[in-house]
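This report refers to the structure that appears directly beneath it.
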Amino acid sequence: MTATIDLTETIDWPAYSPTEPTGLPHLTVIGTGYLGATHAVCMAALGFEVTGVDVDADKIARLAAGEVPFYEPGLGELLTKALDSGRLRFTTDFAEAGRLGDVHFLCVGTPQAKGSDAADMTYVRSAVRELAQHLTRRTLVVGKSTVPVGTAAEMTALLQELAPAGDQVELAWNPEFLREGFAIEDTMTPDRLVFGVASAWAESMLRAAFEPVITEHATPVLVTDLHTAELVKVAANSFLATKISFINAMAEVCEVTGADVSGLAKALSYDTRIGGRFLHPGLGFGGGCLPKDIRAFRHRAEELGAGPAVAFLGEVDAINLRRRSRTVDLVRELAGGDLSGVRVAALGAAFKPNSDDIRDAPALDVAASLQRAGAIVTVYDPAAMDNARRKFPELAYGTSAMDAAIDADVVVLLTEWVEFREIDPAALAAVVAQRNVVDGRHALNPVDWRAAGWTYRALGRP
């Protein structure tokens, strides 16, 4: 694990003059969502001239004004410094991007397609078409988006067909491995860089585009073919999802045998072949990556005739979704078997702590399911309240954990924010109607809560 970056001390911001060449390639970042905005800001912090490009004029205006349109610790401060340095700017003008850029990073979204498990490639194709018509000299386009294997070949043909520079335009693939809540350090001090390239020139351009990352932090560089680079991210996410679902499958077994999944997980973690990371039982995974990536991977494998090889991912997905319904069951059991009129305090809305991302969030899925079953649900999350209100306006929302828990019959922890982990069970007991807690993330100390008079339940624990 890389060390956390101190934004105020470890990043040098030398004076910048646009008339003096930096010796580094000019970078453009196409798409300024979570991935693109983070990449653009961090590359400017590392000394590159960077132009962020998006078709969303409102998003561009907010970024240009120093406002990050999502929650990521430290990124707002880094954005302000990057803008002040003069090395970062934002635009909706693809012609400007084509004129300035030596290396163009594609960072647009690939959400799950409506009515299908496939990845929606609309935004990738649109970005490539728009950029290509402005590429008049030798340049490198680098895909960072998570895409189905074979996309690089399709996009190479499209680029070279539409670009005035023709086959002087090359494409490479450089998959991203960002963890929400740790995106700055994952960009600036990654544990590895993967370069999928078709020529030595493309490799040299990518090395130039990551020169500070490679030299200052001795980051390992793996040079592969394009197909392998496309597979790395989905393979990594599939492995992580499988590990999470494995321990949650063990939790299901523990529930019917009276065993304790926390002790089981700890015992397994000492095996160096297995390790303890991502071996944490609980409510399961969500967000904008793991769920849609494993579904898209399975869909693409079926298209290519390799479906049986990854058929297990269907069960990985099913185990993960069962954790949500089982959490609802635990709340129902504590409420006496009927949720009608039961007041529930739902602590958490984001799919993980240090994020405001509610895409496929298990926390909100559970809260909404409880509401549909007749419970009166009040939600609180330190960062995701606005997003949660927009998606689920029918839920009630508190101003704090204590506020959400007033007169609650059951408290359910759904996102393991530090402030929820550190709640004083005695203080919370003073505001609830009944001392019932469901720990959906195995984040609380059951000894402390039971000592304070709470009935404590958690998935996979007796």
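Just so you know, all these numbers are worked out from the coordinates, no wet-lab data involved. Computed from a predicted structure; not experimentally measured. Glycine gets a Cβ as well: all are built from the backbone with ideal geometry, and neighbour counts include every protein chain shown.
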If each K or R counts +1 and each D or E counts -1, the residues other than Gln371 whose Cβ falls under 15 Å of its Cβ total +2
Output the 0 to 90 degree angle, nearest 10, between the alpha-carbon long axis of helix 151-162 and the longest principal axis computed from the alpha carbons of the chain. 40
Computed over the chain: longest principal axis from alpha-carbon atoms vs helix 75-85 long axis, angle to nearest 10 degrees, is 20
Per DSSP, loop trypsin sites (Lys or Arg not before Pro) in the stretch 167-226 with at most 14 further Cβ within 10 Å: Arg179, Arg192
Between the stretch 158-183 and the stretch 397-417, what's the alpha-carbon centroid distance in Å? 44
If the cut-off is 30 Å between C-alpha atoms, which lysines fall inside it for Lys114, apart from same-chain ones fewer than 8 positions away? Lys59, Lys144, Lys233, Lys243, Lys292, Lys352, Lys391
Euclidean distance of C-alpha centroids, the stretch 287-346 and the stretch 72-119, integer Å: 31
Over the stretch 27-224, what is the mean sequence separation of C-alpha contacts under 8 Å (at least six apart), divided by residue count, expressed as relative contact order in percent? 19
Ordered by fewest other Cβ atoms within 10 Å, a rough proxy for footprinting exposure, Met402, Met205 read Met402, Met205
Can you list the residues, at least 5 places off or on another chain, whose amide H is less than 5 Å from the amide H of Thr139, using H built in the peptide plane? Val169, Glu170
Normalised contact order of the stretch 321-462, rounded percent, pairs of Cα under 8 Å and 6 or more residues apart: 25
Helix-only estimate, please: 222 nm mean residue ellipticity of the chain, summing -39500 (n - 2.57) across DSSP H runs of length 4 or more and dividing by its residues, to the nearest 500. -13000 deg cm²/dmol
Along principal axes, largest first, the alpha-carbon spread of the stretch 73-142 in whole Å comes out as 45, 38, 18
In Å, the Kirkwood hydrodynamic radius from C-alpha pairs for the stretch 240-458 sits at 17.9
When a/c reaches 1.5 or more, the comparison of a/b and b/c decides; with that in mind, is the stretch 196-317 rounded, prolate or oblate per its Cα gyration tensor? oblate
In degrees, nearest 10, the alpha-carbon axis of helix 122-132 is tilted away from the dominant principal axis of the alpha carbons of the chain by 20
Using only alpha carbon pairs under 8 Å that are at least six residues apart, calculate the relative contact order of the chain and give it in whole percent. 12
Which number do you get for Rg(Cα) / (2.2 N^0.38 Å) in the stretch 119-247? 1.12
In the neighbourhood of Asp56 defined by beta carbon distances under 14 Å, the net charge of the other residues (Lys, Arg +1; Asp, Glu -1) is -3
Lys and Arg at +1, Asp and Glu at -1: neighbours of Phe246 with Cβ under 12 Å from its Cβ sum to -1
